[in-house]
Amino acid sequence: MNNYLRLLHGLFSLAVDLGAISENTARAIKLMREESPDRLTPTWEQAQTLIESVKRHESKTALSAMLLLGLGQAELRNLRGEHFDQERGYVTVRRQKTQKVFTVPIFPHARQLVEQMSLEGRFKQEMPVFRVYNPHEAMVLACQRLNYPRFSPRSLRRAFIIRALEKGIDPRVVAAWQGHRDATLILRVYGAWVNQVHAQRMAALMN
């Protein structure tokens, strides 16, 4: 909404400059207050420690999938047994916000989890893989036990993205793993990590 308002302000300002109108009446329309989203994110090690301390197996499995596969709670809800292709090594995911279908590799660090889930008989046709989609309470209790900040389940997805960028994964690939059309959002939100990794690589060339 604020982007539309800024455009309106600019158009009216241009009209004043061109002499089409005498004053910019759009100035009376104020921008909406923008809330700064809470992007509190654990380190990769903190995230692993958090999950390890979760008591209930079902919650631990769901949180592990969110961290190791970079999935959100809504994506977990849509996963069925047929979406896991262990032979080809990928998971087919539907992004809840856009309904876009994309694939996520079964990363090396996620193979043990996927194999365990397979042994538990979770990959049945048309059956939900997870029975817990919002393990918020489990995260809260784990944070309290470990005296961590109050991380949310969503923060595990951010931890996954940051780890991928720190390892030098192309932001466009990371964006594709998140079901995004391009890397714009990744670069805007996580640009600091992209720039940091790139700067370190460029510095190494100066030997």
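Side notes on the structure shown:
- Under 11 Å, Cβ to Cβ, from M127 - net charge with Lys/Arg +1 and Asp/Glu -1: +2
- Nearest-0.05 FRET efficiency for K97 and R27, computed from C-beta distance (R0 22 Å): 0.05
- DSSP-assigned coil residues among trypsin sites (Lys or Arg not before Pro) in segment 70-142, each with at most 16 further Cβ atoms within 10 Å: R88, K97, K100, K124, R131
- Among N24, N147, N134, the residue with the largest mean-square fluctuation in a Gaussian network model of the chain, with springs joining Cα atoms closer than 10 Å, is N24.
- Cα gyration tensor category, rounded, prolate or oblate, for segment 124-200 with a/c compared to 1.5: oblate
- Listed by chain and number, the lysines placed with their C-alpha closer than 28 angstrom to that of K167 are K60, K97, K100; residues fewer than eight positions away on the same chain are left out.
- For segment 44-204, the gyration tensor built on C-alpha atoms gives an oblate shape. Its axis ratio a/c (a ≥ b ≥ c) is at least 1.5, and a/b is not larger than b/c.
- Per DSSP, loop GluC sites (Glu not before Pro) in segment 26-98 with at most 11 further Cβ within 10 Å: E34, E35, E87
- Net charge of Cβ neighbours under 14 Å - reference R145; Lys, Arg +1; Asp, Glu -1: +2
- Rounded to 0.05, the FRET efficiency of the R181 and N2 pair, given R0 = 22 Å and the Cβ-Cβ distance, is 0.50.
- Rounded to the nearest 20, the Cβ-based charge dipole of segment 19-128 about its Cα centre (Lys and Arg +1, Asp and Glu -1) stands at 300 debye.
- Around the Cα centre of the chain, unit charges on the Cβ atoms of Lys, Arg, Asp and Glu (plus for the first two, minus for the last two) sum to a dipole of about 240 debye.
- The chymotrypsin sites (Phe, Trp or Tyr not before Pro) found in segment 75-134 include none that occupy coil by DSSP while having at most 11 further C-beta atoms within 10 Å.
Throughout, read-outs are computed from the coordinates displayed, never taken from laboratory work. It should be emphasised that the depicted structure is a prediction, and the values quoted were computed from it without experimental measurement. Neighbour counts are summed over all protein chains in view; Cβ atoms, including those assigned to glycine, are modelled from backbone coordinates with ideal geometry.
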